[in-house]
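**Q** Let me give you the structure first, and then I'll get to my questions.
The values are calculated or read from the model by the stated rules, or taken from the named source; none is laboratory data. These figures come from a predicted structure and were not determined experimentally. Every residue, glycine among them, receives a Cβ derived from its backbone with ideal geometry; neighbour counts consider all protein chains shown.
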Amino acid sequence: MHEYQLIRSKRRTLALEVTPEGRVIARAPKGLPKAEIDRFVAGKAEWLRKHLARRRPKPREIGPLEEAALREKAGAILPGLVTRYAAQLKVQPRYVTITGAQKRFGSCNMKGGLCFSWRLMRYPLPAIEYVAAHEVAHLKQLNHSAAFYQVLLALMPDYKVRAALLKQPPD
């Protein structure tokens, strides 16, 4: 059985979490017997193995000067890519914003605004182009349906290869 940190609270259900650092946390109701929690964790051994294996190494810290340079690079590259892909699809985003998002490289909202994290600039240009195309494709299909992937495929036939680049550690 895996070692885990137990956190009890006024909850009704048991939950298991793997932190980015690789710690296992079990969250449990206050009165639940420890033996029942142990059985639950033991029963999740395969889930834990899979999630622990999927962990990525923590990215190196980025200082303020490097962040400023990456923000500047994002501002120089992304609007042009968005314009290029938007013209191909005959759509127009309301705005393009550079953010500090840590968990997603890009997003598209229902108002037609596109947001990109400056952290994306740590990846190769083909990956950056993929994220720009992906978000512009959402201006046609605001979901991840088969129709969305058809739009993306028409825009960028090799999008799967480019998307795989984002699974590699940055720079």
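**Q** Quick one: what pairs do we get from the stretch 2-24, first residue in the same structural domain as Ile37 (by TED's automatic domain parsing) and of a type in the set (A, V, I, L, M), second at pLDDT below 90 and in a loop (DSSP other than H, G, I, E, B), C-beta under 8 Å, 6+ apart or different chains?
**A** Close Cβ pairs (under 8 Å, with a partner that is at pLDDT below 90 and in a loop (DSSP other than H, G, I, E, B)) amount to Val18/Arg55; Val24/His2.
**Q** Among the residues of the stretch 85-138, write down those that are polar (S, T, N, Q) and within 17 Å of Ala154 (Cα to Cα). Full working, then the answer.
**A** Filtering the stretch 85-138 down to residues polar (S, T, N, Q) leaves 88, 92, 97, 99, 102, 107, 109, 117.
Hit for the stretch 85-138 is Gln88, nothing else.
**Q** Identify the residue in the stretch 98-148 that is aromatic (Phe, Trp, Tyr) and surrounded by 19 or more Cβ atoms within 10 Å (Cβ to Cβ) and, among all such residues, is farthest from Glu61 (Cα to Cα).
**A** Taking the stretch 98-148 first, the residues aromatic (Phe, Trp, Tyr) are 105, 116, 118, 123, 130, 148.
If we keep only those that are surrounded by 19 or more Cβ atoms within 10 Å (Cβ to Cβ) as well, we get 105, 116, 118, 123, 130.
Values: Phe105: 17, Phe116: 19, Trp118: 14, Tyr123: 15, Tyr130: 25 Å.
The selected residue is Tyr130.
**Q** Shifting gears a bit: Please go through the stretch 145-159 and give me each residue that is over 12 Å from Glu129 (Cα atoms) and touching a Leu at 6+ places or on another chain (Cβ under 9 Å), ordered by number.
**A** If the condition is that a residue be over 12 Å from Glu129 (Cα atoms) and touching a Leu at 6+ places or on another chain (Cβ under 9 Å), then Phe148, Val151, Ala154 are the ones that fit.
**Q** Does Arg84 meet the test of being at pLDDT below 95, out of contact with any strand residue (DSSP E or B) (no Cβ under 6 Å at 6 or more places or on another chain) and either closer than 30 Å to Pro169 by Cα or polar (S, T, N, Q) (or both)?
**A** On the way: at pLDDT below 95: no; out of contact with any strand residue (DSSP E or B) (no Cβ under 6 Å at 6 or more places or on another chain): yes; either closer than 30 Å to Pro169 by Cα or polar (S, T, N, Q) (or both): yes.
Spelling it out, it is not the case that Arg84 is at pLDDT below 95, out of contact with any strand residue (DSSP E or B) (no Cβ under 6 Å at 6 or more places or on another chain) and either closer than 30 Å to Pro169 by Cα or polar (S, T, N, Q) (or both).
**Q** Next question. What's the number of the condition Arg11 fails, among (1) over 26 Å from the mean Cα position of the chain (by Cα); (2) surrounded by 14 or more Cβ atoms within 10 Å (Cβ to Cβ); (3) in a loop (DSSP other than H, G, I, E, B)?
**A** Evaluating Arg11 over (1) over 26 Å from the mean Cα position of the chain (by Cα); (2) surrounded by 14 or more Cβ atoms within 10 Å (Cβ to Cβ); (3) in a loop (DSSP other than H, G, I, E, B) leaves (2) as the failure.
**Q** Can you give me the number of residues within the stretch 54-81 that are more than 18 Å from Pro170 (Cα to Cα) and outside the structural domain of Tyr123 (by TED's automatic domain parsing)?
**A** Narrowing the stretch 54-81 to residues more than 18 Å from Pro170 (Cα to Cα): 75-76, 79-81.
Next, only the ones that are outside the structural domain of Tyr123 (by TED's automatic domain parsing) stay: none.
Here the count works out to 0.
**Q** Right, here's the next one. Scanning for something surrounded by fewer than 16 Cβ atoms within 10 Å (Cβ to Cβ), of a type outside the set (Ser, Thr, Tyr), under 20 Å from the mean Cα position of the chain (by Cα) and not in a helix (DSSP H, G or I), does the stretch 24-44 turn up at least one residue?
**A** The answer is no; no qualifying residue exists.
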